[in-house]
Every structure is written in structure tokens, then in C-alpha cells.
Amino acid sequence: MSHAIRAEGLVKRFGATTALAGVDLTARSGTVLGLLGPNGAGKTTAVRVLATLLRPDGGHATVGGYDVVRDAHRVRQLIGLTGQYASVDETLTGAENLLLIGRLLGRPRAEAKARARELLAEFHLDDAADRAAKTYSGGMRRRLDLAASLVGRPQVLFLDEPTTGLDPRSRNELWEIVRGLVGDGVTVLLTTQYLEEADQLADEIAVVDHGRVIATGTPEELKAKTGGQVLAVRPVEPAELATVISVMRTVAAAEPETAQNTATVPVNDPGVLPAVVRRLDEAGVVVAELALRGSSLDEVFLSLTGHRADEDEPAGDDPVPTQLERTTA
């Protein structure tokens, strides 16, 4: 299978800040590459370089076989971009927004109008086609924004944290749209902080931290790299969580993580589970949940970076694109 996206040694600096410190990426045609990392990791900078909005300071990259610097015009003819911030004009209707993009792309008016109707129906926005975009819900705006990036029928689509701020239902709807696009042969580069999103959509994942790719592989391959399993314990009485943590720390010889009255700890020794059960029984702790399971992507990220994906780091290496850049990419 050919590679729709290939980047080798990408470097990008903003003054004294190095946003990309030698990034290598590949995305096979017709698949989803998930670019995973916290705020400030360099994800948006990588997308902007690949979408020809920024020139790299080092390395090189191709999209659809074309160099993003030498053949930028050809690359732009192949791609669509949906950024973190909606690029639609809120004063225009949904139909007018898509018609405008079509005309900016040089399509004849009749063709642009037909494409707008087609996309509005596909994204379940036809009932709101003649309403101003400012009256749309957050999920509807994101769908319109994604539709705008598809007016030119791109072969490669860049989705930069497309579901940020969406409710679970709207997020699931967007996931289904992405799956449909990939089924039609579109290659998607998806940046996200949501581990579940990467697990649901990505064929392969590249974990980025401090401007470097620190791990690559399928979701299952990355989970396997952490080794062992994870023990999760939730006591019936929240006040007994401290006892649970103490027992798990002693038996597993590792510091447990806690969330929602549940303690989790990595386990490599099969004897840890029965030992924890015995000690909790001796301490009189009644548990509501006790499970031994494989690692999640969240735990993979934690083991690779020392922090969770939703923990913000100092930003500044991923500048916000202008509205003109978001619209014309």
C-alpha cells in the first residue's frame, strides 16, 4: 500500500522555541493516522507544515507524492483541512458557506451549488441549509466545517482536534462521518487529545511529546508495549480508598493512579491479584469493583510521557492559524 503522507526529520522553530524537533510520520493511503499528544506537543505545527501553511526549517515531507514546499500548489489541490476552530462565516447560511468555498476553488456556480446540496444532505444539515451558521449548535457547526473541507473532494484530510468541545452524541456522529470518508478511500491525519477517539478511529498512532515522535504503532501494538496488565480496585466506601492505595502500593511495588474513587496500578506478576485480595479482606475492605485488564491508551501515554494526554503543558509552539489560512488550506 502506498503512503499518502510521508515526513522525515521535520523541524520547525518559532524564535527560541522548537515546535518540531525531527518528526518522522507516514500514513498509508485510505487509513487514519492518529497524532496523539498533549497541548503544546507540536501536533498543530505538524499539520500546518503538511498542509503547506508553514515552511519547515528542516527535513522534508510529501503529501500524495508531492513535496510540501516545492509542490505546495499541487498539495493544496489534494487536501482538506478542518482545524480546532470553526472557519465558517457565521453570518452566511450553511448553503452559502459551502457555495462560497466551491466558488473560491474555481468551480462553476451550478457545480458548486450542487456540491453544497450534496454535502448538506450527507452531513444531515439540509433542514438547516438556509439558516445562518450562527444559529447552529456546536455539533452542527463542526459538521458544516468538515463539509466545507470536503467541497473540493480531497484525497487527504487533516482533522486537527475536530471534536474538541463536542458532546458525546455529536462526537460519535463525527466519528461515523470519518469512518465513511475512509471507507471511500480518503486518507485522514487526525490529531487528538482524546485517547478513546484515537482508539476508535486510528489504524496507526504516532505519539508526539515535546516536538518528537516517541512511539508509533497500531493501538494494540502500543498497548502491548507497556507490558503486563492493569489492576483496578474500587471500594464500596470512598473513605477506604486510602487503604486500597496503601495495599496496592505495597503489593505491586508501584504508585497507584486514582480517578473516580478507583485505584489502578500496572501488574506484571500474576501473584499480585490474589495478594491484594487477601490483604483487602484482612483489612475489612469491601470492594465494588476489582478487575485485571489490558492496558488502555491512556496508560500507554502515561507510561511513555509521565503524564496523561489531557494534562496541559505550556503552549506556544502551536500558534493559532488565521481565519484566512483555515479557509483556504
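The values are calculated or read from the model by the stated rules, or taken from the named source; none is laboratory data. Note that this is a predicted model, so its numbers are computed, not measured. Positions of Cβ are backbone-derived with ideal geometry, glycine not excepted, and every protein chain shown enters the neighbour counts. These area figures cover heavy atoms from the full protein model, side chains too; ligands, DNA and RNA do not enter into them. Shrake-Rupley method; radii C 1.70, N 1.55, O 1.52, S 1.80 Å.
General remarks:
- Members of region 244-290 found to be under 23 Å from residue 300 (Cβ atoms), aliphatic (A, V, I, L, M), open to solvent by less than 70 Å² (accessible area, probe 1.4 Å) and not in a helix (DSSP H, G or I), listed by number: 254, 259, 263, 265, 267, 290
- All positions within region 8-32 that are buried (at least 16 other Cβ atoms within 10 Å of the Cβ), of a type in the set (Ser, Thr, Tyr) and assigned to a loop (DSSP other than H, G, I, E, B): 31
- Where a residue in region 257-271 is touching a residue at least 60 places away in the same chain (Cβ under 8 Å) and its partner, wherever it lies, is open to solvent by less than 30 Å² (accessible area, probe 1.4 Å) and assigned to a strand (DSSP E or B), with Cβ under 9 Å and at least six apart: none
Condition check ((1) of a type in the set (A, V, I, L, M, F, W, C); (2) touching a His at 6+ places or on another chain (Cβ under 9 Å)) across all residues:
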| residue | (1), (2) |
| --- | --- |
| 12 | no, no |
| 20 | yes, no |
| 29 | no, yes |
| 47 | yes, no |
| 55 | no, no |
| 63 | yes, no |
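- Residue in region 141-163 that is more than 24 Å from residue 47 (Cβ to Cβ) and without any contact (Cβ under 8 Å) to a residue 40 or more places away in the chain present: no
- Filter result for residue 88 (touching a Lys or Arg at 6+ places or on another chain (Cβ under 8 Å) and among the aliphatic types (A, V, I, L, M)): yes
- One residue from 288, 259, 283 being within 16 Å of residue 237 (Cα to Cα), out of contact with any Phe, Trp or Tyr (no Cβ under 7 Å at 6 or more places or on another chain) and modelled with pLDDT under 90: 259
- If the condition is being outside any helix (DSSP H, G or I) and open to solvent by less than 50 Å² (accessible area, probe 1.4 Å), then region 227-243 contributes 227, 228, 230, 231, 232, 233, 235.
- Annotation: residue 64 fulfils all but one of (1) open to solvent by 20 Å² or more (accessible area, probe 1.4 Å); (2) out of contact with any helix residue (DSSP H, G or I) (no Cβ under 9 Å at 6 or more places or on another chain); (3) more than 17 Å from residue 212 (Cβ to Cβ); the unmet one is (2).
- Cβ-Cβ contacts under 6 Å between residues 6 or more apart (or on different chains), taken from a first residue in region 67-90 that is part of a loop (DSSP other than H, G, I, E, B) and open to solvent by 30 Å² or more (accessible area, probe 1.4 Å) to a second residue that is at pLDDT 90 or above and among the acidic types (Asp, Glu), are listed as 84/160; 86/145.
- Close pairs from region 33-50: first assigned to a loop (DSSP other than H, G, I, E, B), partner modelled with pLDDT of 95 or more, Cβ under 8 Å, at least 6 apart: 42/12; 42/19; 42/20; 42/21; 42/23
- Extreme residue, surrounded by the fewest Cβ atoms within 10 Å (Cβ to Cβ), among residues of region 139-162 that are within 18 Å of the chain's Cα centre (by Cα) and farther than 22 Å from residue 53 by Cα: 139
- Helices (runs of 4 or more DSSP H) enclosed by region 115-210 - at least 3 residues per element that are under 30 Å from residue 225 (Cα atoms): 168-183, 195-201
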